[in-house]
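The values are calculated or read from the model by the stated rules, or taken from the named source; none is laboratory data. The shown structure was predicted, so the numbers you read here are calculated from the model rather than taken from an experiment. Here the Cβ positions follow ideal geometry from the backbone for every residue, glycine too, while neighbour counts run over all protein chains shown.
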Amino acid sequence: MADKTNHDGNLERFMNQLGDSVLALSDGNIRAEVSEAGADPDGEAERTRTVLREALKRLENVNKHLSNFGHTINSNGWHRGRSGYHNACATCGSFVSFIPATGEMRGEALDGRCPRRDECTVRRREASR
Amino acid sequence: MGHLFSLIETTPPSPQIEPLEPTLLPPSSINASSKSALLVEGNESLLSCFRQLLEKAGYAVRLAPDTEEGLRLFRECGPFNVVLINYYVPEKKGTGINCLIPQIHGVRLAAVIRDMNPSQGIIIVALDYQCASDVPRPAEVAQIPVLIETGNGQLRSLLEKIEVDRAIKGLTSSELLQLQLFAKFRIRGLGRAARGRDWEDLLEEALYRTLIGAEDTQNGRHWNRRVSFVQHLKGAILSIASVWKRQFKEESTYLMSELLFHDAEGQDYSPIDNVASSSSPADQRLIEKKEEDRVLGLFNDDSEALQLLRGLMEGLRKTEIMSRYGLEEKKYAAALRRIRLKVLSQRNNGSRG
């Protein structure tokens, strides 16, 4: 007969509690646990740093590409869609998206220089005089 | 721009600048209350504008009107959280005999500072250029980001990147391990809602949402510096896991072949009959129950761990579990450790997640 007990979220609660308990571990204890679990603590720590750095590098690459084309991208304007992040150039409206897992970029903003950039630069130069 | 090209090409390398020993530099700080910036800008209106933007972003700003003063301040007060240098900043004001950098302008000062301290965050301001790729730079500073926008957006984005980069470099190995394990347990807690994503995806997503800096929790989580970077990432991970879980519940999609079924008389039942409700679908509950039993089965020979595990699954607090099962603090901690180890070992022998 089927177990009719409500198991909704039991496992999630348990795993979340385990996650929280990790944050309270001392430096020595967490290294010892990782080691006892069969992994190399230094290797795993650097692997985690690499995950963060690679993510940083991917987004930097996207911004650099757009800046090289003279597009104006509002950092607050990124929206998370189903397949990745989307944004548009504030000057010309060209669309751009990138897929976090691969860093792949798509969109018309990558086709070439911002077509309305000239007007902005002239206005800016005049304003600074 | 011809004069700039010729200046870069004809200016000799900077052997006359003796690099400082990195160890002589004061320690970097990523503490929110002590964010510092060096602004090297010759144009008074731009200097005032950038000073305001930086101060608004929480930086204590030191000002230099020329590269000579910029280098002096960097030597005496550096490193800074960020050094902002105008591409066109003059080499010096006046005609000092002991000028340390007689021929360099902004981009060369950037190269000198990078040489002195390769990890110093630098931004070159080149507002007269249409595209960052148009800004002539020697190869050694080609990787330094260029600000071409007068608005706050690009500057804010570059500052955020520099701060996050520093924070990542500053994470200790135990903090990194904490983040990894925290993300691993969260992913396991998501079960099918993780949709094949692992702890690396969760951590990456937390960083992206930090960097895009949006103010709302759906699209981004700006790091406000009132908490440590680890605490911030933990919060982002929690938020993302919760969004993934919600999306899974709202958007679960199935193949028609998974949904259609027949009774003994060959009658098809339509997926339309499956009306969404607030409780989990039966198949999902069954999968969760099976996984729950599998985890409980790991501790059949460890009664204390089993008691603790049941308590955690019920959502009891530590004190409640200790009181219900008569566990002392030490025994509780030891049992929790055994549980973590066993669950982790299972994953280390298996997949990435």
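What to note about this one:
- Per the listing A:Arg47, A:Arg53, the residue uniquely assigned to a helix (DSSP H, G or I), surrounded by fewer than 19 Cβ atoms within 10 Å (Cβ to Cβ) and facing another protein chain (nearest Cβ under 7 Å) is A:Arg53.
- Qualifying residues in region A:69-92 (those that are within 21 Å of B:Pro145 (Cβ to Cβ) and among the hydroxyl-bearing types (Ser, Thr, Tyr)) - the one farthest from the other protein chains (Cβ to nearest Cβ): A:Thr91
- Cβ-Cβ under 9 Å pairs, at least 6 apart or on other chains, region B:189-214 side within 24 Å of A:Asn74 (Cα to Cα), far side of a type in the set (S, T, N, Q) and not in a helix (DSSP H, G or I): B:Arg209/B:Thr217; B:Arg209/B:Asn219; B:Ile212/A:Asn87; B:Ile212/B:Asn219
- Any hit, region A:93-105, residues being touching a residue at least 40 places away in the same chain (Cβ under 8 Å) and closer than 26 Å to B:Phe182 by Cα: yes
- Near pairs, Cβ below 7 angstrom, 6+ apart or cross-chain, from region B:34-60 (of a type in the set (S, T, N, Q)) to any residue that is assigned to a helix (DSSP H, G or I) and modelled with pLDDT of 90 or more: none
- In region B:169-181, the qualifying residues are those that are facing chain A (nearest Cβ under 7 Å) and touching a residue at least 24 places away in the same chain (Cβ under 8 Å), and the one that is farthest from A:Asp20 (Cα to Cα) is B:Leu171.
- None of B:Leu177, B:Leu158 is touching a strand residue (DSSP E or B) at 6+ places or on another chain (Cβ under 9 Å) and either over 19 Å from B:Gln247 (Cβ atoms) or not in a helix (DSSP H, G or I) (or both) except B:Leu158.
- Residue that is farthest from B:Ser133 (Cα to Cα), among those in region A:49-79 that are out of contact with any strand residue (DSSP E or B) (no Cβ under 8 Å at 6 or more places or on another chain) and of a type in the set (Lys, Arg): A:Arg49
- Region B:147-161, subset without any contact (Cβ under 8 Å) to a residue 40 or more places away in the chain and at the interface with chain A (Cβ under 7 Å from one of its Cβ atoms), residue nearest to the chain's Cα centre (by Cα): B:Gly153
- Against the conditions (1) at pLDDT below 85; (2) surrounded by fewer than 14 Cβ atoms within 10 Å (Cβ to Cβ), B:Arg246 satisfies every one except (1).
- Search result, residues across region B:182-206 that are at the interface with chain A (Cβ under 7 Å from one of its Cβ atoms), surrounded by fewer than 20 Cβ atoms within 10 Å (Cβ to Cβ) and closer than 22 Å to A:Asp40 by Cβ: none
- For A:Leu66, the conditions (1) crowded, with 22+ Cβ neighbours inside 10 Å; (2) under 21 Å from the mean Cα position of the chain (by Cα); (3) within 7 Å of another protein chain (Cβ to nearest Cβ); (4) not acidic (Asp, Glu) all hold with the exception of (3).
- Condition met for B:Glu215 (exposed (fewer than 11 other Cβ atoms within 10 Å of the Cβ), modelled with pLDDT under 85 and facing chain A (nearest Cβ under 9 Å)): yes
- Criterion: within 12 Å of another protein chain (Cβ to nearest Cβ), modelled with pLDDT under 80 and part of a helix (DSSP H, G or I) - qualifying residue of B:Glu288, B:Glu292: B:Glu288
- Sole exception among (1) at the interface with chain B (Cβ under 7 Å from one of its Cβ atoms); (2) out of contact with any Lys or Arg (no Cβ under 6 Å at 6 or more places or on another chain); (3) aromatic (Phe, Trp, Tyr) for A:Phe95, by number: (1)
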